[in-house]
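What follows is a set of notes on a single structure, which appears directly below.
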Amino acid sequence: MLAVPSNALASQHRTEIGLGQISVDISPELVAQAEADLVVVTSPTPDDSGTLPAVVTNSVAQFPRLHLVDQAYWIAGVGPLGGMRVLDDIEKILHEG
């Protein structure tokens, strides 16, 4: 899974991105170089596909399993309730694919 927050600031070289990791935040300039089976993009309004960063929409063919999720609990929602909502999203995403 690749998590791409719209404000990600990572600056890793392509060969270092996500090696051995379950998820990784990457900067917008590196999205076009990324490869992932599943991409999760956080958004304040996940029902609006217009909130996908342009660099992601320009690479949509590269990411066939692209999902917008609510940053309120994926990023800011710490604690057991936020964690459960993230798990609910993951379960829903996995059942879709």
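Any read-out appearing in this document is the output of simple, stated calculations on the displayed coordinates, not a laboratory observation. The structure displayed is predicted, hence computed values, not measured ones.
Observations
- Annotation: amide H-H contacts under 5 Å for Leu68 (H modelled 1.01 Å from N, sequence separation of 5 or more, or interchain): Val41.
- Value of Rg to Rh for the stretch 34-96 (Rh from inverse mean 1/r over Cα pairs, i.e. Kirkwood): 0.98
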